[in-house]
1. Any residue in segment 58-68 that is at pLDDT 80 or above, buried (at least 16 other Cβ atoms within 10 Å of the Cβ) and of a type in the set (Gly, Ala, Ser)?
2. Kindly list the number of the only condition in (1) at pLDDT below 75; (2) touching a helix residue (DSSP H, G or I) at 6+ places or on another chain (Cβ under 6 Å); (3) not aliphatic (A, V, I, L, M) that fails for residue 260.
3. If you go through segment 289-321, how many residues are polar (S, T, N, Q), touching a Ser or Thr at 6+ places or on another chain (Cβ under 9 Å) and closer than 22 Å to residue 272 by Cα?
4. Give me the pairs, please: first residue somewhere in segment 410-421 and over 18 Å from residue 192 (Cβ atoms) and modelled with pLDDT of 85 or more, second residue anywhere and surrounded by fewer than 24 Cβ atoms within 10 Å (Cβ to Cβ) and charged (D, E, K, R), beta-carbon distance under 8 Å, and either six or more positions apart or on two chains.
5. Inside segment 354-372, can you point out the residues that are surrounded by fewer than 17 Cβ atoms within 10 Å (Cβ to Cβ) and either at positive phi or at pLDDT 75 or above (or both)?
6. I'm trying to understand the selection: among the residues of segment 500-558, which are under 26 Å from residue 457 (Cα atoms) and without any contact (Cβ under 8 Å) to a residue 12 or more places away in the chain?
7. Would you please name the residue that is modelled with the highest pLDDT, looking only at residues in segment 484-525 that are closer than 24 Å to residue 558 by Cβ and not in a helix (DSSP H, G or I)?
8. Have a look at 535, 519, 462 and point out the one that is within 29 Å of residue 266 (Cα to Cα) and more than 22 Å from the chain's Cα centre (by Cα).
Amino acid sequence: MRGTRERQYRALELPEIISGMLVLFVVLWEACFEPMASGSVARDAFLRGTHLILCGLVWFNTAAVFLHFLTQVFHRRWPGRFLWWQLTVGGVASFVFSGGVWSFLPTQAYWVSLLLSLVIGAFSFVNILAYRRARRQSAVRGQGGWSPAVVFFTSMVALVVVSALILVTPGAARVPISYVDALFTCASAISITGLTSIDISQSLAPLGKLVLLFDIQVGAMGVMTFSYFVLLMVGKKLNVRDSSTMSTLLDQVGVNIIPSLLKAVVLVTLVVELLGAVALYFLWRGHPGVPQENLWFFALFHSVSAFCNAGITLFPNNMAQECVAHSYTVQAIMMLLILAGTLGFGVYLEGLTRLRGIFSRKRTVHRWSTHTWLVIRVTLLVLLVGSIGLALLGAFEPSAHARSADYNLWEGVWNAIGRSAGFNITDISDYGPVYHLFLCMLMFIGGNPTGTGGGVYAPVFALCVLEVLRVLRGQQDVEMHSRRIARNTIERAMATVVLSIFWIVFTTMLLLLMEPALADSENGIVKVLFLEVSAYTTTGFSLCNPAHLSDWSKLLIVLNMLFGRVGMFTFMLIFIRQSAPSPLRYPETRLPLN
């Protein structure tokens, strides 16, 4: 009986899903292919054919949700939080559309109707996700499914393809953009890299910039992380398999902390980005170098881009603008945002847990975890060594760069902190090749796990160095913080670094073959290597303009950015199935190494 009723509930959700997806399709079509209404024209836009179709679909969707709601009440089943959200948004959307059609609401209702329609379409996506989870949960145990690595990679690729399709439409671009350039830009945003082959400030309309902002935000948190958080917020609990998937992707031990980690990810992201946007808004208010009519959006976009270590700006010359390059206060805010995103959400979760224990007067463990202990120390060490090294090379290496010693130190700190963000306040190509190679090493080291930074991650690189020292000293284990590091962790760190080096060398050789003019230029090999390292480590620094590359080279860099965001070790697990350890072991032998 219960199974029959559940199937009836699922059948009731089908009209909601279909009508919601049609709503999403129509609102995207209207935004992408029809001129957007403004001012007094917004009133007549409600009577336009496409918007009237959207109005009918919204009314139908609201009626279907209301019928589902009444059915739940009739069967004495209290409707869930998600159904309440659907009914509330649908009711408000129906009222707004009615007010626009019969002209008893102001013209701004047009924009509200588009936003609410987008939310209704998003609800359909949530329903599809929930339906897929229910099917997967009810499947027979033991059946194989897609691995977390496959799901993560395919979801990123799907988001890149869909975002690029929107970006080439007339409503998203002010000038015609090729699909390859749209793919390149969207892949850069989703992988939080920062390399662009178009001038975003001049080429994209407000819709295109909103698409990039969404891609940056979702790409930083992770497509699956964002999806599962939405499910949690609308009342859909994660099952064991969902928690296990997220535990694998976030490399966390234990599935019980996954809901708390997801909430910490979104809470920290929104709070820090909002504080950064407010600070930038007041610093840029009245400044002639920043468009004042859209100042709030400029502040929010750059706050999100900085915290997510995306390196994408709305300025034509990156951060080499007077409002940034000549303002130490703005630079300090940007560096704090970048550093906040680099630390990693696991550190924030531990800090929030301790704060909660202090305020609730519960007894907490005084000892910090080994992960947090290592992240803080390695991050400070990389910043210290990187800042001093870059400052010295900028001052003493022969190059076209000519700055004072104080500014060299400040820019060294800026580039060391931004080694995974890609913001530049001067032309990096003015520096010498040694500076570029040293910056390559810093980009390769990157940020920290569960953070928004790129690279192989500083703790991973530190474990490799400690493993080498262990072998040279003849010790048995790698020990730190009164703990012995698991052998599997060390082996995975070594494999990540080795695979990353091989991939960077391979793609550098391919790009040299595909771009002979760039290879034959002055310091061409360094420029190509720098570009490949920047793409793979999702940094965004570049010594050449990606717009001058061929389409095939751009596609190669797109793959590089996506592989770097997923992680080479994780990507290899897509093709290599890990086998269970065998109880039988062959006799040990030794090989000459010297």
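The values are calculated or read from the model by the stated rules, or taken from the named source; none is laboratory data. The structure presented is a predicted model; accordingly, all values stated were derived computationally and were not measured. Heads up, the Cβs are rebuilt from the backbone with ideal geometry, glycines too, and the neighbour counts pull from every protein chain shown.
1. yes
2. Only one criterion in (1) at pLDDT below 75; (2) touching a helix residue (DSSP H, G or I) at 6+ places or on another chain (Cβ under 6 Å); (3) not aliphatic (A, V, I, L, M) is unmet by residue 260, namely (2).
3. Applying the first criterion (polar (S, T, N, Q)) to segment 289-321 yields 292, 294, 303, 305, 309, 313, 317-318, 321.
Those still in the list that are touching a Ser or Thr at 6+ places or on another chain (Cβ under 9 Å) too: 305, 309, 313, 321.
So of that shortlist, the ones also closer than 22 Å to residue 272 by Cα come out as 305, 309, 313.
Of the residues in segment 289-321, 3 are polar (S, T, N, Q), touching a Ser or Thr at 6+ places or on another chain (Cβ under 9 Å) and closer than 22 Å to residue 272 by Cα.
4. Filtered contacts from segment 410-421: 411/403.
5. We begin by selecting, within segment 354-372, every residue surrounded by fewer than 17 Cβ atoms within 10 Å (Cβ to Cβ); these are 354-370.
Once the filter is applied, which keeps residues that are surrounded by fewer than 17 Cβ atoms within 10 Å (Cβ to Cβ) and either at positive phi or at pLDDT 75 or above (or both), segment 354-372 yields 354, 355, 361, 368, 369, 370.
6. 501, 502, 505, 506, 509
7. Top of the filtered list is 515.
8. Values: 535 fails: more than 22 Å from the chain's Cα centre (by Cα); 519 fails: within 29 Å of residue 266 (Cα to Cα).
Only one candidate passes the filter, namely 462.
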